[in-house]
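Here's the structure, in C-alpha cells; my notes come after.
The values are calculated or read from the model by the stated rules, or taken from the named source; none is laboratory data. Computed from a predicted structure; not experimentally measured. Cβ atoms come from the backbone with ideal geometry, glycine included; neighbour counts cover every protein chain shown.
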Amino acid sequence: MTREQKSLWLHAAVVLVLGALYFVLPEYHAGNLARIMVLAVYAMGYNLLFGYTGLLSLGHAMFFAAGMYGFGLAVNHGGLPAGAAVLIGIAATLVVSVVVGFLALRTRDVAFMIVMLMFAQTGYLIILYFGEFTRGDEGFVVQQAQRGLFGFDLSAQGIRYWAALILFSACLLGIAKGVNSRFGKALVAVRENEERARMLGYDTHRLKFLAVVLSGVLSGAAGAAYGLLFGYIGSTFATVQYSIFPLLWVLLGGAGTTLGPFVGVLFMFYLIDLSSFLTDAYMFIAGIALLLLTMFAPKGIVGQIRASRVPWLP
Amino acid sequence: MEFGPHLLLASLEGAVSAAVLALTAMGLSIVFGVMRIVNVAHGEFFMLGAVLAWWIASMIGAHPAVGFVVAIVIAPLAVGVIAAVADKVILQRIGYDPERTIVATIGLLYILQQAALMTFGPDARPVTPPFNQRIDLPWFEFTKNGLGLFWPWGLSITSYKLFVVLAAILILTGVWLLMTRTRFGLIMRATQQDREMSQAFGVPVDNVFAYVFGLGAALAAIGAVLVVPVQQAHYLMGHDPLLLSFIVVIIGGLGSLPGTVIAAVLIGMSDGIISVFFSPTLAKIVATMAVAMVLVFRPQGLVGKAAS
Amino acid sequence: MNILETRALTKSFGGIKANTNIDFALEQGRTMALIGPNGAGKSTFVGMLSGRIPATSGQVFFKGKDISHLPAHRRIALGIAYTFQITSVFSNLDVRENVALAARRDRTKSEDEVAERVAGVLARVGLSDRMEQLAGGLSYGHQRVLEIAMGLVQEPELLILDEPTQGLAESEVTEFVDLINGLQGRPTILLIEHNMDVVMRTAEMITVLNFGEILASGTPQEVHDNAAVQAAYLGTTTNAES
C-alpha cells in the first residue's frame, strides 16, 4: 500500500469508529464527543497555520468568535435562518482573516505572535463594547426554534452528534488530502525553511496569507457550528484563553499531523473533565500540560508515535 | 466638577498608574532587552507581588506601616526568587528559544494564576495603606479681583498616592544606576550585546539570565505592592498590567529603557485620562489597536530609531 | 545574445557601497566564473541578480526583460535558479522531497513527471541511494550536492552557484567539476568560485570583481594576462603558490 492509501484508510477508519461510537457510548460521553469534534475542527484550522505553515498565532479566538458571533447575531438580530447565518459567520471570518492576514504578515516571529494577540484582544473588547447587541460578558442563547438546518433540529442530542461528525469528517478528509497536495507541501516548505522556499520560486508571502485565511475560515466555521449546535454565544470564546486552547491541543496531539488536533482536544477535554472533581482551577492543569509539553514532548502524542514507530503517519 | 479640575484629577490618577506601569513595564523590557525573550507570565509576577503583600500585611497585623514596609521588601524578593527558579528549571532547559519560551511562559501564567486561585481564593482583598492623608488641591478662577484660588469639592489626592509616584521615580533611578554604573549592569549590557562573546569572556550567562529574569519579576512585584493599597489584590489582576506592559514596551521600542519610561508615562496618563472621560473599554480598544499597528508599520517603536 | 545584463547596478549598506555601477553581461549558454577577493561584493552582486538583496539603484535584465522590480520568487520562476553559499536545504524533509519541492515550481508538470525528473537528477548527482534520508542527516558534501541537484532539477536557463565547492574535499571538488562539465543541454551558469583550479576547468569566461567594481572581464587567458588583475588578485595567488 502506498502512503496515500494508508492515510486514506486510516482517516476513513477514524470516521467509522466515531460513527460507531455513537451507538455504544452513554449519552453523557456522546455529548462530550460531539463537542470535542467541533473543537477539533477549530484545532485543525489552527494546525494548518501552526503545524503546517509554522506560524504561531496567539489570536485565533478572534476567528472562532467571528464565526460564532457572525452566526449568532445574524440569527438573533438579523432573524436569518440557521443555514444562512452560518454562511454569514463564515463570511465574517473570511473578512477578518483577510484583513488580519494582510496586516499581521508584515511582521514575523515574536512580533507576529504579539500582533495576533493584540488583534484578538481588540476583537474581544469590541464584543464587550457593543454589549447592547452582543450582551457582553453574559452572552446570549440561540433558541431551539432557530437551530434547524434542512429540517433537522440541531439542538437534539442525536442529530447534533451526526452533524458534528459530518463537519469533522469533511474537515479531516479535506485536510488529509490538502496536506498531500502541492499546496500543502509548499506550506511545509515555508515552515521548514522560508528563505529556501522563496529562492525556489515559491511566493512564500502569498502562501502564508492563504494559510492564514484558510486557517481562519476553518476556525470560524468551527465557531459558527459551535453556536449552532450548542446554542450559546459568549464573549468567553473570544478571550485569550480560547486562543491558547488550540495551541495547547495541537501541541498535545502533535503539530503538523492530521489526527493530532483531534487527539489533543480529546485528551485535554477529558483531562479537564476528570480533574474537575479535584479542583475548579482547571486551567492549572492546562498550564502544567503546556509547560511539560514544551519542555519534554514538543512533538506531541501523534508526532511522537510517528517519530518512533509509524513513519508513514500522516 | 468643572472641566479643568476634572482634568487635573484625571492627570493625578493617571500619574499613579503611569508610575506603577513604568515599574512593571521596565521589568518586562529588561528581560526582553537582555534575554531576547517575551515573558507572558510577567503579569502573574505582578499579581503574586500583590497577593504576597496582602498575605504579609495580614500576617503581621501590627500598624499598617510595619506590614507595608515588610511587604515591600519581602514580596519582591520572594517573587524574584520564584522567577529565577522558573528561569533555571524551565527556560534554561528549552534554551530560550523565542517561540517555546512564549508557550512555556503561558503555561507558567496559568499555573501561577490558578495556584493563587486555589490558595488565596477568588475574592479581592485590600491592603491598608501605611499612611493616607487627604490633600485637597486648589484650583484657580478669574474673579474681578484677578486670579483667585479655591478648593473645589472632590479635587484631592492622598499622600499615599503621591508617595507611589515618588517611590516609582526613586526605584527607576535606582534601576538606571544599576544598569549604567555597576559591574552587574555592565555584565548585563555585555550579555545583551553579544551572548556568545560574553560567555567566551567568562560571564556566567546562565546565572546572569536567572538574575535578570528575577529582577524583571521583582520590578513587577514592587509595582504591585505599591498599588495594592489603592487597588486590592485579586488572582486575575495580572491581566491588565501584562497587556499594558506589552503596549508600553512595544510603543517605547523593544528593549529600550528610556523609551519604556516615556511610553509608560504616555500610556499610563492617557489611559487614566481617556478612561475618566470616555469608556475604559474604548480606551483599551484604542490602545491595543495602536500597539498592533505600531508593530505592523513601525516595529522599532515610536521612540526607537529605525534599524538600518 | 545576452541572457543576463546589468546596468549601473549599485548597492550601498548605510552609505557604504558594496557594489558600484556594475555593468555586466553574460552570454547565453556560457559558463562564467565570478571571482575576486573576499569582500569584493560577489555575493551582494548575485544577491541582487536573484532578488534576494534589493538593489539601491541600477537595473537587471534577464533575456532582454527588465526584472529589476520583480521579487525574488518571480525571477526564479522566469528560469533563474540559485544555490546558497551557506548550505540551505530542508533539513527535516527527505532528499527526494527537497528536490521535488524544487521541481514542482514548474506547475505544468504532473506529480509523476516531477518524480521522474527528481529521480533523474538524483541519479545524475549520485544521490539515488539516499532518497529516503533526511537532508539534515547528510554529510556536508552531500548537502552541497543536494543544493546543486535542487538547482538542476528546475532546468533553469540560468544557474547561479554561490561558492559551490566551498568546504568540499578534493575528490568531491573533482566530482563537481565533472558534473558541471557533463551537463547535457547545459544551462548558462554563473559561478562564484574561490578555487582557481575549478574556475580554469569549468569557466569559459571570467569576471573579476574588486572593491565592488568590475576590474576585468573576458576569457580565462585574457583575464590571466590582464595587468590590473595580476596586480590586484592573481598575482598574489601566484606568489602565494610559488
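What the table shows:
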read-out	value
Qualifying position, being more than 14 Å from chain C (Cβ to nearest Cβ), without any contact (Cβ under 8 Å) to a residue 12 or more places away in the chain and surrounded by fewer than 22 Cβ atoms within 10 Å (Cβ to Cβ), among A:ALA163, A:ALA156	A:ALA156
Selection count, the range A:127-153, where residues are outside any loop (DSSP other than H, G, I, E, B) and either closer than 14 Å to A:MET68 by Cβ or in contact (Cβ under 8 Å) with a residue 12 or more places away in the chain (or both)	10
Those strands (runs of 3 or more DSSP E) lying entirely in the range C:151-221 with at least 1 residues in contact with a strand residue (DSSP E or B) (Cβ under 9 Å, 6 or more places away or on another chain) and free of Cβ contacts under 8 Å to residues at least 24 places away in the same chain	C:213-218
Test: residue in the range A:281-292 that is within 12 Å of chain B (Cβ to nearest Cβ), farther than 27 Å from B:TYR96 by Cβ, in a helix (DSSP H, G or I) and within 21 Å of the chain's Cα centre (by Cα)	yes
Output for the range C:65-98, where each listed residue is more than 9 Å from chain A (Cβ to nearest Cβ), closer than 20 Å to C:THR10 by Cα and not acidic (Asp, Glu)	C:LYS65, C:ILE67, C:SER68, C:HIS69, C:LEU70
Candidate set from the range A:98-130 (those that are within 7 Å of chain B (Cβ to nearest Cβ) and under 19 Å from the mean Cα position of the chain (by Cα)); member that is farthest from A:HIS205 (Cα to Cα)	A:GLN121
Search result, residues across the range A:256-280 that are free of Cβ contacts under 8 Å to residues at least 40 places away in the same chain, within 27 Å of A:LEU165 (Cα to Cα) and not in a helix (DSSP H, G or I)	A:SER276
The range A:101-114: number of residues that are in a helix (DSSP H, G or I) and free of Cβ contacts under 8 Å to residues at least 40 places away in the same chain	4
C:GLY39 outside any strand (DSSP E or B), more than 12 Å from chain A (Cβ to nearest Cβ), out of contact with any Cys (no Cβ under 6 Å at 6 or more places or on another chain) and free of Cβ contacts under 8 Å to residues at least 24 places away in the same chain	yes
Candidate set from the range B:124-142 (those that are outside any loop (DSSP other than H, G, I, E, B) and of a type outside the set (D, E, K, R)); member that is surrounded by the most Cβ atoms within 10 Å (Cβ to Cβ)	B:TRP139
Residue that is farthest from the other protein chains (Cβ to nearest Cβ), among those in the range A:192-218 that are basic (Lys, Arg) and closer than 21 Å to C:ALA81 by Cα	A:ARG206
Test: residue in the range A:159-167 that is closer than 30 Å to C:ALA102 by Cβ and among the basic types (Lys, Arg)	no
Unmet criterion (only one of (1) outside any strand (DSSP E or B); (2) of a type in the set (Val, Ile, Thr); (3) buried (at least 20 other Cβ atoms within 10 Å of the Cβ)) for C:VAL60	(1)
Checking B:GLN232 against (1) touching a strand residue (DSSP E or B) at 6+ places or on another chain (Cβ under 8 Å); (2) free of Cβ contacts under 8 Å to residues at least 24 places away in the same chain, the condition it does not meet	(2)
Within the range A:192-209, considering residues that are hydrophobic (A, V, I, L, M, F, W, C) and in a loop (DSSP other than H, G, I, E, B), the one farthest from A:ASP109 (Cα to Cα)	A:LEU200
Residue tally, condition within 18 Å of B:GLY33 (Cβ to Cβ) and part of a loop (DSSP other than H, G, I, E, B), over the range B:220-269	5
Residue check, B:ILE171 under 25 Å from the mean Cα position of the chain (by Cα) and at pLDDT 85 or above	yes
From the options A:TYR69, A:TYR42, residue that is in contact with a strand residue (DSSP E or B) (Cβ under 8 Å, 6 or more places away or on another chain), touching a residue at least 40 places away in the same chain (Cβ under 8 Å) and buried (at least 23 other Cβ atoms within 10 Å of the Cβ)	A:TYR69
All positions within the range A:51-71 that are in a helix (DSSP H, G or I) and not aliphatic (A, V, I, L, M)	A:GLY51, A:TYR52, A:PHE63, A:PHE64, A:GLY67, A:TYR69, A:GLY70, A:PHE71
Qualifying position, being among the aromatic types (Phe, Trp, Tyr), surrounded by fewer than 17 Cβ atoms within 10 Å (Cβ to Cβ) and away from every other protein chain (no Cβ under 11 Å), among A:TYR270, A:TYR242, A:TYR226	A:TYR270
Residue pairs meeting the criteria (Cβ under 7 Å; at least 6 apart or on separate chains; first under 10 Å from A:PHE284 (Cβ atoms), in the range B:100-123; second charged (D, E, K, R) and buried (at least 18 other Cβ atoms within 10 Å of the Cβ))	B:LEU112/B:GLU44; B:GLN113/B:GLU44
Residue list for the range A:299-314, restricted to those being at pLDDT below 85 and touching a helix residue (DSSP H, G or I) at 6+ places or on another chain (Cβ under 7 Å)	A:TRP312, A:LEU313, A:PRO314
Close pairs from the range A:216-244: first within 19 Å of A:LEU167 (Cβ to Cβ) and free of Cβ contacts under 8 Å to residues at least 40 places away in the same chain, partner crowded, with 24+ Cβ neighbours inside 10 Å and of a type in the set (Lys, Arg), Cβ under 9 Å, at least 6 apart	none
Test: residue in the range B:8-26 that is assigned to a helix (DSSP H, G or I) and out of contact with any helix residue (DSSP H, G or I) (no Cβ under 9 Å at 6 or more places or on another chain)	yes
Single residue of A:LEU87, A:LEU55, A:LEU18 found to be buried (at least 23 other Cβ atoms within 10 Å of the Cβ) and modelled with pLDDT of 90 or more	A:LEU55
When residues of the range A:293-304 are limited to those that are aliphatic (A, V, I, L, M) and in contact (Cβ under 8 Å) with a residue 24 or more places away in the chain, the one nearest to the other protein chains (Cβ to nearest Cβ)	A:LEU293
Subset of the range A:171-187 [crowded, with 16+ Cβ neighbours inside 10 Å and within 16 Å of A:LEU55 (Cβ to Cβ)]	A:VAL179, A:GLY184, A:ALA186, A:LEU187
Count - residues of the range B:68-119 that are within 9 Å of another protein chain (Cβ to nearest Cβ), acidic (Asp, Glu) and crowded, with 24+ Cβ neighbours inside 10 Å	0
